[in-house]
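The values are calculated or read from the model by the stated rules, or taken from the named source; none is laboratory data. Model, not experiment: these values are computed from the prediction. Note that we place each Cβ from the backbone using ideal geometry, even for glycine, and neighbour counts take in every protein chain shown.
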Ligand SMILES: Nc1ncnc2c1ncn2[C@@H]1O[C@H](COP(=O)(O)OP(=O)(O)OP(=O)(O)O)[C@@H](O)[C@H]1O
Ligand SMILES: [Mg+2]
């Protein structure tokens, strides 16, 4: 069987019409039937009353006629009495003798009608039948005529129901019009009402489709004051929590990406140093230099191992974030270690390193600070094409500022602000061509912020670049 898909609106309309039309038809039939019964009843009442008058009239008439016996008198005078009664009542009357033969009919065609009522009335009962004669309705009412308790015959009134039928017909039309009007009005109301129900549901459908496409900012505004409004509120809450959940997932994803960037960068620093020293060793003639290089390789190797262990630890506890581990450290020592790592590379490019540093104890993460300094020095060597790098410490207010200044090509003014952003087109082109990732400065900023410090970069094109690494003396 084919499934019929009806819309809610159509279902409501169908239900309303399905109830209304049978109810109206029922009321219609009952009313017309009642009306019809009332018309007949009032006719019968009238004819019953009239039959008593006729009985009296005929009784008097026979009493006066003393020459003949009652029965002969009734038979003889029947036609006269009938004519009188028909004239008086203004409708057709008939008189029958006690055997059921017609004695007189006020209408000449003498057409013999149904006689069920006649048989009954000759037997002493008033009786009636309702019949359609020549397209019109009539009540055929028969009443026995007595004289001194002897049945002489009966009188039959053929009472037309014209006026009653006219009322019924009018009523039929009026009620028909009222019924049609009620169906029409109720059809319009049902339509309006069903639209009120179906409208919010349609809106719900549209918004849920948008949400399915990922447009979570959509909200349903329904003020129908019913269950649909409650549902819309719950729906909005659900959407909100889905949106929050998705945002937290995105955040988590971004965090993981940042973490991966940080990890690779952190791993890159000791690896660069190790590779640098390994390449240098075969060219060294001085035994002391070889030993020093091996010490550095070992140190950086250990740092690498420590990083990997830290990474494993973090993965074990499900945290995608490196924490800075701040302790009291001499910044001067950290700078020296970083300089040691790049020293050979600087020598290779004929870059002179000028140090203006002093001992100062700061509350910092040693390895991460070294990573920051190394990246800045590495950038100067890699990108600036400089001849000298000044590494200068100074104290200002409650800060210690480490400036790393090179006399290289500098950086375009409009690129300066973007250097600390993780994704930057300009930076990327430069970085990739020089074997970099373009993440170093962004990670340095993050590390310094975590240590309650900061990093700033100033430059004049074709002249110099100065990177200021700021440490706060307070905890
Ligand atoms: N001293 C400098 N002189 C000239 N350009 C510089 C200097 N320092 C940084 N830059 C520019 O800034 C960019 C960003 O440096 P950053 O340290 O963030 O990334 P990277 O060194 O390319 O990659 P990574 O450090 O991740 O290996 C470089 O690509 C370079 O163009
Ligand atoms: Mg770098």
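For (1) more than 24 Å from residue 326 (Cα to Cα); (2) more than 9 Å from ligand 1 (Cβ to nearest atom); (3) at pLDDT 85 or above, each residue gets a yes or a no:
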residue	(1), (2), (3)
406	yes, no, yes
435	yes, no, no
439	no, no, no
459	yes, no, yes
Item to check | Subset of segment 373-386 (residues that are more than 58 Å from the chain's Cα centre (by Cα) and either more than 13 Å from ligand 1 (Cβ to nearest atom) or buried (at least 23 other Cβ atoms within 10 Å of the Cβ) (or both)) | outcome: 377, 380
Checklist entry - So which of 358, 363 ends up being touching a residue at least 12 places away in the same chain (Cβ under 8 Å), within 27 Å of residue 408 (Cα to Cα) and either touching a strand residue (DSSP E or B) at 6+ places or on another chain (Cβ under 8 Å) or more than 16 Å from ligand 1 (Cβ to nearest atom) (or both)? => result 358
Checklist outcome for this item: Just one listed residue, out of 48, 93, is touching a helix residue (DSSP H, G or I) at 6+ places or on another chain (Cβ under 6 Å), under 21 Å from residue 163 (Cα atoms) and touching a residue at least 60 places away in the same chain (Cβ under 8 Å), and it is 93
Checklist entry - If you check residue 450 against the conditions, is it within 23 Å of residue 265 (Cα to Cα), away from ligand 1 (no atom under 14 Å from the Cβ), within 53 Å of the chain's Cα centre (by Cα) and at pLDDT below 95? => result yes
Checklist entry - Taking segment 257-290 on its own, how many of its residues are modelled with pLDDT of 85 or more and within 13 Å of ligand 1 (Cβ to nearest atom)? => result 1
Item to check | strands (runs of 3 or more DSSP E) lying entirely in segment 296-372 (those with 1 or more residues that are at pLDDT 90 or above and under 60 Å from the mean Cα position of the chain (by Cα)) | outcome: 327-330, 361-364
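Are any residues in segment 455-475 closer than 20 Å to residue 331 by Cβ and surrounded by 16 or more Cβ atoms within 10 Å (Cβ to Cβ), and if so, which ones?
Quick first cut of segment 455-475, residues closer than 20 Å to residue 331 by Cβ only: 455-457, 466-475.
Selection gives 455, 457, 466, 467, 468, 469, 470, 471, 472.
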Next on the checklist: Suppose we filter 467, 400, 391 for residues that are near ligand 1 (Cβ under 8 Å from one of its atoms), in a strand (DSSP E or B) and at pLDDT 95 or above; which single one remains?
Outcome noted: 467
Item to check | Residue within segment 226-239 that is more than 46 Å from the chain's Cα centre (by Cα) and more than 30 Å from residue 439 (Cα to Cα) present | outcome: no
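Every residue, every condition in (1) surrounded by 14 or more Cβ atoms within 10 Å (Cβ to Cβ); (2) more than 16 Å from ligand 2 (Cβ to nearest atom); (3) part of a loop (DSSP other than H, G, I, E, B), yes or no:
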| position | (1), (2), (3) |
| --- | --- |
| 214 | no, yes, yes |
| 218 | yes, yes, yes |
| 241 | no, yes, no |
| 254 | no, yes, no |
| 260 | no, yes, no |
| 267 | yes, no, no |
Item to check | Checking residue 342 against (1) within 26 Å of residue 284 (Cβ to Cβ); (2) more than 16 Å from ligand 2 (Cβ to nearest atom), the condition it does not meet | outcome: (2)
Checklist entry - Give me the pairs: first residue in segment 370-382 and free of Cβ contacts under 8 Å to residues at least 40 places away in the same chain and within 16 Å of residue 348 (Cβ to Cβ), second residue assigned to a helix (DSSP H, G or I) and more than 7 Å from ligand 1 (Cβ to nearest atom), beta-carbon distance under 6 Å, and six or more apart or on different chains, which are they? => result 377/342; 381/345
